[in-house]
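In what follows, a single structure is set out as structure tokens and then discussed.
The values are calculated or read from the model by the stated rules, or taken from the named source; none is laboratory data. A quick note: this is a predicted structure, and the numbers were derived from the prediction, not measured. Neighbour counts are summed over all protein chains in view; Cβ atoms, including those assigned to glycine, are modelled from backbone coordinates with ideal geometry.
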Amino acid sequence: MSDPAWTDVCDAEDIDAEDVIRFDHAGRTFAVYRAPDGTPFATDGLCTHEKVHLAEGLVMDDTIECPKHNGRFNYRTGAALRAPVCVNLATYPARLADGRIEILI
Amino acid sequence: MTLATDPHHIRDYSLTGADTVRARETGLAGADWYRTEVPRKVIKDLMQRRDGPAMRDTAIWFTLLGIGAWGGTAFWGSWACVPFWLLYGVMYGSACDSRWHECGHGTAFRTGWMNDVIYQIASFMVVRNPVSWRWSHARHHTDTIIVGRDPEIACMRPPNTLRLLMAYAGVLEMIDSIKTLIRNAFGTLTPAEKDYVPQSEWVKAILAARIHMAIYAVTLAVALLTWSFIPLMLIGGPRIYGCWHMLMTGLIQHCGLAENVTDHRLNSRTVLINPVSRWIYWNMNYHIEHHMFPMVPYHALPRLHEILKHDLPAPNTSILDAYREAIPAVLRQAREPEYYVHKPLPATAQPYRMEIVHV
């Protein structure tokens with residue numbers, strides 16, 4: 001039985017390795033990732049630069065690149081890596097449970 | 001959000017004026033733009049970064065710069081030097097712009113530091129502050145050809161046609177660029193620069209300007225000490241005598257098309273051009289495609305064009321064809337500033353997002 005503190009996102013197979021999806025929940029939007037090795041991660045869904053949905057961006061190794069201005073974050077830590085982003089991204093714990101991806105928000 | 005047209009409205013292209021306020025009030029600033037639907041797997045494949053194409057092109061670029069510099073210097077004083085300086089001029093004063101642009105987006109190379117190194121070199125060549133212009137271009141992508149928001153509008157209305165013509169000579173833009181660098185080097189940013197460059201970056205912009213100006217000062221000193229034009233032909237000068245190709249391709253990106261819209265198909269132009277110009281310009285002739293999907297690297301833009309073309313107006317068939325369209329439009333805008341070229345869409349396309357705001 002799943003822990004109610006964790007929020008169910010999707011089946012693990014719904015996100016390719018080294019990719020990202022948008023997840024809207026309770027009036028908020030998140031970006032949920034799978035690293036190249038399949039490990040799940042989660043961040044706020046909007047770029048801290050101009051509030052563009054990061055889920056339309058490109059995942060490369062540990063980074064997510066914003067689709068509008070190509071700013072980059074490390075999605076594991078939320079660190080802003082490349083202009084025009086300057087403000088770090090909030091991150092949330094994510095896990096695989098029984099083939100599902102869950103995040104703690 | 002279609003507002004009534006006011007034919008007497010005088011546009012204010014500054015970033016701190018009445019049109020800036022109107023752009024914010026009407027929602028044009030930071031708006032949601034039309035984008036052709038492309039399946040995620042397809043666009044993800046197109047976005048993939050590679051080092052190979054840009055490493056090859058950069059090696060060719062530096063080789064051509066080297067050949068031009070060698071020949072121009074070796075044959076200085078004879079007519080034989082002219083073709084070498086022509087080559088060097090275009091490689092320095094025009095190819096720099098596309099390298100600046102693509103590396104600024106971070107899409108030329110997969111490896112980050114390679115983008116950064118070429119971006120710094122190209123920024124110097126194109127005489128742009130590498131810090132403030134990075135932010136200027138981000139704004140250009142957020143608010144493309146939105147009056148009062150976009151700092152990179154080349155063809156304002158009504159047009160200053162004499163200045164547009166003189167742009168090809170490169171002198172006026174060089175003077176303006178150097179004046180900007182000097183002002184930045186003395187620690188001053190304009191209100192417009194302060195509008196689009198975050199405060200945390202101002203000190204970096206000032207430092208970059210000082211480094212650029214120091215290199216120009218050394219170049220000038222060497223020219224005076226050796227009483228030779230060659231240092232100026234090698235550094236700085238090509239931005240004047242070699243910029244014609246950059247202007248030729250750059251001015252047709254948006255000139256004569258719509259302002260204050262949220263659909264790049266209305267304000268940007270895709271032009272099919274010759275392969276040499278495409279190499280110099282790094283495929284930015286696919287300009288609607290680039291604005292819709294700025295994460296797609298230059299080498300994938302022809303493939304993106306094939307995927308999007310069912311939803312785009314027919315591309316101009318050559319640089320000449322683009323000028324045949326743009327020049328009459330710009331001249332007409334001198335009399336009718338509201339005029340713009342409205343191109344038909346193919347039957348397979350989604351309709352234009354006609355939220356034109358003539359403020």
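Based on what the data block shows, is B:Ile307 buried (at least 23 other Cβ atoms within 10 Å of the Cβ), farther than 23 Å from B:His140 by Cα and not small (Gly, Ala, Ser)? Full working, then the answer.
On the way: buried (at least 23 other Cβ atoms within 10 Å of the Cβ): no; farther than 23 Å from B:His140 by Cα: yes; not small (Gly, Ala, Ser): yes.
Here the answer is no, as B:Ile307 does not meet what is asked.
How do the pairs read when you match residues in the stretch B:316-331 that are in a loop (DSSP other than H, G, I, E, B) with residues anywhere that are crowded, with 19+ Cβ neighbours inside 10 Å, using Cβ under 7 Å and keeping only pairs 6 or more apart or on different chains?
Note: pairs meeting the criteria are B:Ser318/B:Ile273.
Tell me the residue from A:Val9, A:Val20 that is surrounded by 13 or more Cβ atoms within 10 Å (Cβ to Cβ) and closer than 20 Å to B:Asp45 by Cβ, please. Steps first, answer last, please.
On the way: A:Val9 fails: closer than 20 Å to B:Asp45 by Cβ.
The unique qualifying residue is A:Val20.
Pick from the stretch B:244-283 the residues that are among the hydroxyl-bearing types (Ser, Thr, Tyr) and under 18 Å from B:Ala349 (Cα atoms): which of them is modelled with the lowest pLDDT?
Going through the qualifying residues, I end up with B:Thr262.
Can you spot a residue in the stretch B:22-33 that is in contact (Cβ under 8 Å) with a residue 40 or more places away in the chain and aromatic (Phe, Trp, Tyr)?
Checking the stretch B:22-33: at least one residue is in contact (Cβ under 8 Å) with a residue 40 or more places away in the chain and aromatic (Phe, Trp, Tyr).
Across the stretch B:102-117, what is the total count of residues that are surrounded by 22 or more Cβ atoms within 10 Å (Cβ to Cβ), assigned to a helix (DSSP H, G or I) and out of contact with any Gly (no Cβ under 8 Å at 6 or more places or on another chain)?
Keep residues of the stretch B:102-117 that are surrounded by 22 or more Cβ atoms within 10 Å (Cβ to Cβ), which gives B:102-109, B:115.
Going one step further and asking which of them are assigned to a helix (DSSP H, G or I), we end up with B:102-105, B:115.
From the residues that got through so far, the ones that are out of contact with any Gly (no Cβ under 8 Å at 6 or more places or on another chain) too are B:102-105.
Qualifying residue count for the region: 4.
Does B:Tyr352 fit the bill of being surrounded by 15 or more Cβ atoms within 10 Å (Cβ to Cβ), farther than 18 Å from B:Ala154 by Cα and among the hydroxyl-bearing types (Ser, Thr, Tyr)? Break it down stepwise before answering.
Numbers: surrounded by 15 or more Cβ atoms within 10 Å (Cβ to Cβ): yes; farther than 18 Å from B:Ala154 by Cα: yes; among the hydroxyl-bearing types (Ser, Thr, Tyr): yes.
In short, yes.
Sort through B:Leu232, B:Leu266, B:Leu207, B:Leu181 and tell me the only one that's away from chain A (no Cβ under 14 Å), over 22 Å from B:Ser123 (Cβ atoms) and part of a helix (DSSP H, G or I). Talk me through it step by step, then tell me what you get.
Numbers: B:Leu232 fails: over 22 Å from B:Ser123 (Cβ atoms); B:Leu207 fails: over 22 Å from B:Ser123 (Cβ atoms); B:Leu181 fails: over 22 Å from B:Ser123 (Cβ atoms).
Criteria check complete, one pass: B:Leu266.
Counting just the residues of the stretch B:280-315 that are within 14 Å of chain A (Cβ to nearest Cβ) and either among the polar types (S, T, N, Q) or part of a loop (DSSP other than H, G, I, E, B) (or both), which one comes out nearest to the chain's Cα centre (by Cα)?
B:Pro294
At least 2 residues that are touching a residue at least 12 places away in the same chain (Cβ under 8 Å), over 27 Å from B:His137 (Cβ atoms) and of a type outside the set (S, T, N, Q) in each: list the strands (runs of 3 or more DSSP E) lying fully within the stretch A:1-91 that qualify. Let's see the steps before the verdict.
Values: elements: A:7-11, A:19-25, A:28-34, A:40-44, A:58-60, A:63-65, A:72-74, A:80-82.
Passing ranges, in order: A:7-11, A:19-25, A:28-34, A:40-44.
Looking at the stretch B:29-43, which of its residues are of a type outside the set (Phe, Trp, Tyr) and more than 10 Å from chain A (Cβ to nearest Cβ)? Give the steps one after another, and end with the answer.
Residues of the stretch B:29-43 that are of a type outside the set (Phe, Trp, Tyr), as a first pass: B:29-32, B:35-43.
Across the stretch B:29-43, the qualifying residues are B:Ala29, B:Ala31, B:Thr36, B:Glu37, B:Val38, B:Pro39, B:Val42.
Given the structure, is B:Gly148 in contact with a helix residue (DSSP H, G or I) (Cβ under 6 Å, 6 or more places away or on another chain), more than 24 Å from B:Ala300 (Cα to Cα) and buried (at least 24 other Cβ atoms within 10 Å of the Cβ)? Lay out the reasoning, then the answer.
On the way: in contact with a helix residue (DSSP H, G or I) (Cβ under 6 Å, 6 or more places away or on another chain): yes; more than 24 Å from B:Ala300 (Cα to Cα): yes; buried (at least 24 other Cβ atoms within 10 Å of the Cβ): yes.
Against the criterion (in contact with a helix residue (DSSP H, G or I) (Cβ under 6 Å, 6 or more places away or on another chain), more than 24 Å from B:Ala300 (Cα to Cα) and buried (at least 24 other Cβ atoms within 10 Å of the Cβ)), B:Gly148 qualifies.
How about the stretch B:154-166: which of its residues are under 30 Å from A:Asn70 (Cα atoms) and surrounded by fewer than 21 Cβ atoms within 10 Å (Cβ to Cβ)? Working first, answer last.
Of all residues in the stretch B:154-166, those under 30 Å from A:Asn70 (Cα atoms) come to B:154-156.
B:Ala154, B:Met156, listed by residue number.
Tell me yes or no: at least one residue of the stretch B:88-97 is touching a residue at least 60 places away in the same chain (Cβ under 8 Å), under 27 Å from B:Arg50 (Cβ atoms), in contact with a helix residue (DSSP H, G or I) (Cβ under 9 Å, 6 or more places away or on another chain) and charged (D, E, K, R).
yes
Of all residues in the stretch B:128-173 being farther than 15 Å from B:Pro198 by Cβ, among the aliphatic types (A, V, I, L, M) and not in a helix (DSSP H, G or I), which is farthest from the other protein chains (Cβ to nearest Cβ)?
So the residue we want is B:Ala169.
For the stretch A:35-54, what are the residues that are surrounded by 24 or more Cβ atoms within 10 Å (Cβ to Cβ) and either away from chain B (no Cβ under 12 Å) or touching a helix residue (DSSP H, G or I) at 6+ places or on another chain (Cβ under 9 Å) (or both)? Outline the logic, then answer.
From the stretch A:35-54, those surrounded by 24 or more Cβ atoms within 10 Å (Cβ to Cβ) are A:41-43, A:47, A:54; that's our starting set.
Those that are surrounded by 24 or more Cβ atoms within 10 Å (Cβ to Cβ) and either away from chain B (no Cβ under 12 Å) or touching a helix residue (DSSP H, G or I) at 6+ places or on another chain (Cβ under 9 Å) (or both): A:Phe41, A:Ala42, A:Thr43, A:Cys47.
Identify, from the list B:Ala54, B:Ala95, the residue that is surrounded by 21 or more Cβ atoms within 10 Å (Cβ to Cβ) and under 30 Å from A:Asp19 (Cα atoms).
Values: B:Ala95 fails: under 30 Å from A:Asp19 (Cα atoms).
Selected residue: B:Ala54, the only one of B:Ala54, B:Ala95 that is surrounded by 21 or more Cβ atoms within 10 Å (Cβ to Cβ) and under 30 Å from A:Asp19 (Cα atoms).
Looking at B:Leu46 and the list (1) more than 14 Å from chain A (Cβ to nearest Cβ); (2) under 25 Å from the mean Cα position of the chain (by Cα); (3) of a type outside the set (Asp, Glu), which single condition is not satisfied?
All conditions pass for B:Leu46, except number (1).
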